[in-house]
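S.K.: Structure below; questions to follow.
The values are calculated or read from the model by the stated rules, or taken from the named source; none is laboratory data. Computed from a predicted structure; not experimentally measured. A quick note on method: Cβ atoms are made from the backbone with ideal geometry, for glycine too, and the neighbour counts reach across all protein chains shown. Accessible surface areas use protein heavy atoms only, side chains included; no ligands, DNA or RNA. Shrake-Rupley method; radii C 1.70, N 1.55, O 1.52, S 1.80 Å.
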Amino acid sequence: AQQGRVREKAYGKQKIYFADQEQLPAASDAELRGLDGQIAALSTKVQALQQSCRQMEAELKNLNSSMTTPEMAREIEELRKDCASYTEKLERIKSATNHVTPEEKEKVCSEQKLYCKEWRRRKRMVT
């Protein structure tokens, strides 16, 4: 500060030191416009790169969430096994000879209704 390279400002008990800008060369308007153009070009380049980066991250996330080829092959094999077991079960059910006919089913349902009605009637008598 005593040599004049750094300036000092006092605010109450605090002191602030900063570089003396009067010693720096002044930039011309052409240089400032050139620097502004450079800043604008770099800003657009940064935005393009950020957009590209976001796109690549989304693609990476999509690829990480999808199944790999070996996983897909295992999944297909498991599904085929399940399908075969269900087909076999369906064939056993279709070939069974102990099916209930609709008449037998209706008879059982009507008996069940009759017994339920009787039970309700007797339950009311007790309580």
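S.K.: Select from ASP20, ASP36, ASP82 the residue whose mean-square fluctuation is largest in a Gaussian network model of the chain (Cα-Cα springs shorter than 10 Å).
M.R.: ASP20
S.K.: Averaged per residue, what accessible surface does the chain expose to a 1.4 Å probe, in Å²?
M.R.: 100 Å²
S.K.: Work out how much length LYS117 to LEU90 would gain on full extension: take 0.36 nm times their residue separation and subtract the Cα-Cα distance, in nm to one decimal.
M.R.: So the extension gain works out to 6.0 nm.
S.K.: Measuring from label point to label point, each 7 Å out along Cα→Cβ, what is the MET125 to ASP36 span in nm?
M.R.: 10.5 nm
S.K.: Which percent of the accessible area of the range 38-91 is formed by carbon and sulfur heavy atoms (probe 1.4 angstrom)?
M.R.: Summing carbon and sulfur atoms, their accessible area is 59 percent of the total for the range 38-91.
S.K.: How many percent of the alpha carbon pairs in the range 1-104 exceed a separation of 21 Å?
M.R.: 76 percent
S.K.: Next question. Just THR69, THR97, THR44 to compare: in a GNM of the chain, with alpha carbon springs under 10 Å, which one fluctuates most?
M.R.: Ranking THR69, THR97, THR44 by mean-square fluctuation puts THR97 first.
S.K.: Also, quick follow-up: For the chain, what is the relative contact order in percent, using Cα pairs closer than 8 Å and at least 6 residues apart in sequence? Please report the intermediate quantities before stating the final value.
M.R.: Working: 23 pairs, mean separation 10.8, N = 127.
For the chain, the relative contact order is 9 percent.
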